[in-house]
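Worksheet: one structure, shown below.
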2 protein chains.
Amino acid sequence: MSRWRPDARERLQQAALELFAEQGFAATTVPEITARAGLTTRTFFRHFADKREVLYADDAEVPAMVATMMAEAPPSAEPLALIVEGLRTVAETRFEPRKAALLARRELVRADTGLQERDLRKRAAMSEAIREGFQTRGIDPPRAALLAETSVTLIYVSLSEWLDTPNDRKLYDIILKTLATLRNALG
Amino acid sequence: MSRWRPDARERLQQAALELFAEQGFAATTVPEITARAGLTTRTFFRHFADKREVLYADDAEVPAMVATMMAEAPPSAEPLALIVEGLRTVAETRFEPRKAALLARRELVRADTGLQERDLRKRAAMSEAIREGFQTRGIDPPRAALLAETSVTLIYVSLSEWLDTPNDRKLYDIILKTLATLRNALG
DNA sequence: TAGTGTGATGACACGGCGTGTCATCACAGA
DNA sequence: TCTGTGATGACACGCCGTGTCATCACACTA
């Protein structure tokens, strides 16, 4: 038996999610979380930058994943095709298998302005990764920023609609529909 | 002479902006601000919800302004025309006359992740106001959300480019150019 | 003129967040 | 057997933001 039980980070995350579900985000203190995980308060902040971050631990590698995908795509790929294909991969690998967790998180975020801000920053981080990807591919900065922001708008508007639909509609199909709507609106 | 000097809120705001410019946002404490303004710490939080909010006090009425504009537009107005005309008014009345202040704020925001999150929430609030405006005009919710997010993308991408240009290029012209770029990219 | 209510501020206590710092000690590797 | 490393514990601390009650100039009323 080792000095400490393993998987401290995972225990902290699980304890936090449980407590958030039981009593809400704001009503849960970090000492409560660490008590349930059998650790000290200080250790929580060694694994997570702050109390909000624990809710987004599973998405930490998404921006890097986006960057890799954009870097590996053939140079001939058109920006729009790149977006659509990239969003498809992100949708299928990161969102579709986690619908329940995403719904639960959305409820927590709805109820707390601090979490809303953190959520927006995660979107911004994704936009930033996409923007850098486009710029690396030689697209001029303003255009890259515009394409990146539009990509993030597409995925999140579609994600929201997908979470609102009870059945198992494919997120990717909603993305395509949203893109068509946008094209139509800008006609 | 009254019991307290008048304009407590304005004095707090000015003291805060001075101190942020002198030593940065994070390094400035609320007691420092209130000491310079000749008030107590508690009073600061009676005028501003938190330390970040003082930087956005001048933009408090923008969402309501957007809502009013959208409600007063003729029912026949097309969504895209509404957006472009609305962004033009916002640009000319709220942004163009305040370029120096907006540049200063952008520098502060760049240096502090907490301020970045607050900044994103202000964008989200604007998006929300636009979304409600479109929904009130009878546009279905997903489409309204998409149009609102796209509007906010347009204004902020253009605003960023405008702030980067040293001369006095019109923000509205940049918005039109950005819209053309977006159309071209999606076309 | 006296009385009364109102609204902004002061004063004070307090819980919670997040950080800095040093000690502890199982484990791995030499 | 020794030594270094890395994760954790323990503790102090500053700052943020809130709750609560007291204070008191001013306006309003009779």
Search result, residues across segment B:6-19 that are on the phi < 0 side of the Ramachandran plot and away from DNA strand D (no atom under 11 Å from the Cβ): B:8, B:9, B:10, B:11, B:12, B:13, B:14, B:15, B:17, B:18
From the options A:14, A:23, residue that is among the polar types (S, T, N, Q), open to solvent by 60 Å² or more (accessible area, probe 1.4 Å), within 12 Å of DNA strand C (Cβ to nearest atom) and away from chain B (no Cβ under 14 Å): A:23
Filter result for residue A:160 (buried (at least 19 other Cβ atoms within 10 Å of the Cβ) and under 14 Å from the mean Cα position of the chain (by Cα)): no
Which listed residue is touching a residue at least 60 places away in the same chain (Cβ under 8 Å) and either surrounded by 16 or more Cβ atoms within 10 Å (Cβ to Cβ) or away from DNA strand C (no atom under 16 Å from the Cβ) (or both), from B:78, B:85, B:96: B:96
Residue that is farthest from DNA strand D (Cβ to nearest atom), among those in segment A:30-58 that are open to solvent by less than 30 Å² (accessible area, probe 1.4 Å) and either assigned to a loop (DSSP other than H, G, I, E, B) or under 18 Å from residue A:129 (Cβ atoms) (or both): A:56
Pairs where the first residue, in segment A:143-162, is closer than 12 Å to residue A:128 by Cβ and touching a residue at least 40 places away in the same chain (Cβ under 8 Å) and the second is of a type in the set (Val, Ile, Thr) and surrounded by 23 or more Cβ atoms within 10 Å (Cβ to Cβ), C-beta under 9 Å, 6+ apart: A:151/A:83; A:151/A:130
Some residue of segment A:67-74 being within 20 Å of the chain's Cα centre (by Cα), loosely packed, with under 15 Cβ neighbours inside 10 Å and within 12 Å of DNA strand D (Cβ to nearest atom): no
Count of segment B:125-165 residues which are within 7 Å of chain A (Cβ to nearest Cβ) and under 13 Å from residue A:181 (Cβ atoms): 7
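The values are calculated or read from the model by the stated rules, or taken from the named source; none is laboratory data. Predicted model only: the values in this text are computed from it and were never measured. Cβ: placed from backbone, ideal geometry, glycine included. Neighbour counts: every protein chain shown. For the accessible areas, the whole protein counts, side chains as well, though only heavy atoms, and no ligand, DNA or RNA atoms are used. Shrake-Rupley method; radii C 1.70, N 1.55, O 1.52, S 1.80 Å.
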